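Visitor: The following block contains the structure, expressed as structure tokens.
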Amino acid sequence: MFKSHNSSDYRREAATCGTFADFARSPDDRELLRRMQRSRVALAENQERLDRLPPLPPVNTSALTVVPAAHC
């Protein structure tokens with residue numbers, strides 16, 4: 001099942017990637033880990049932006065349904 005992340009999860013993963021990159025033995029591994037770190041920071045920033053959005057309306061609501069007027 002899909003696990004939902006919050007921004008602090010992504011930031012923690014970014015920090016881990018940064019630590020691994022600091023100790024990477026090859027330049028290719030270091031670059032891959034730095035790219036993963038930047039990706040996780042971007043995901044955290046996006047999640048924070050999404051968290052500031054207003055909630056979506058309920059799916060099965062009739063509050064905004066237009067009811068046709070009855071003809072007399």
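The values are calculated or read from the model by the stated rules, or taken from the named source; none is laboratory data. Quantities reported herein were computed from a predicted structural model and do not represent experimental measurements. When we count neighbours, we look across all protein chains shown, and the Cβ atoms used for this are built from the backbone with ideal geometry, even at glycine.
Visitor: So how many residues does the range 15-63 have that are within 20 Å of SER4 (Cα to Cα) and buried (at least 16 other Cβ atoms within 10 Å of the Cβ)?
Guide: Adding up the residues that qualify gives 8.
Visitor: Next question. Please pick out the residue among ALA69, ALA14, ALA42, ALA24 that is assigned to a loop (DSSP other than H, G, I, E, B), modelled with pLDDT of 95 or more and of a type in the set (A, V, I, L, M).
Guide: Result: ALA24 is the single residue among ALA69, ALA14, ALA42, ALA24 that is assigned to a loop (DSSP other than H, G, I, E, B), modelled with pLDDT of 95 or more and of a type in the set (A, V, I, L, M).
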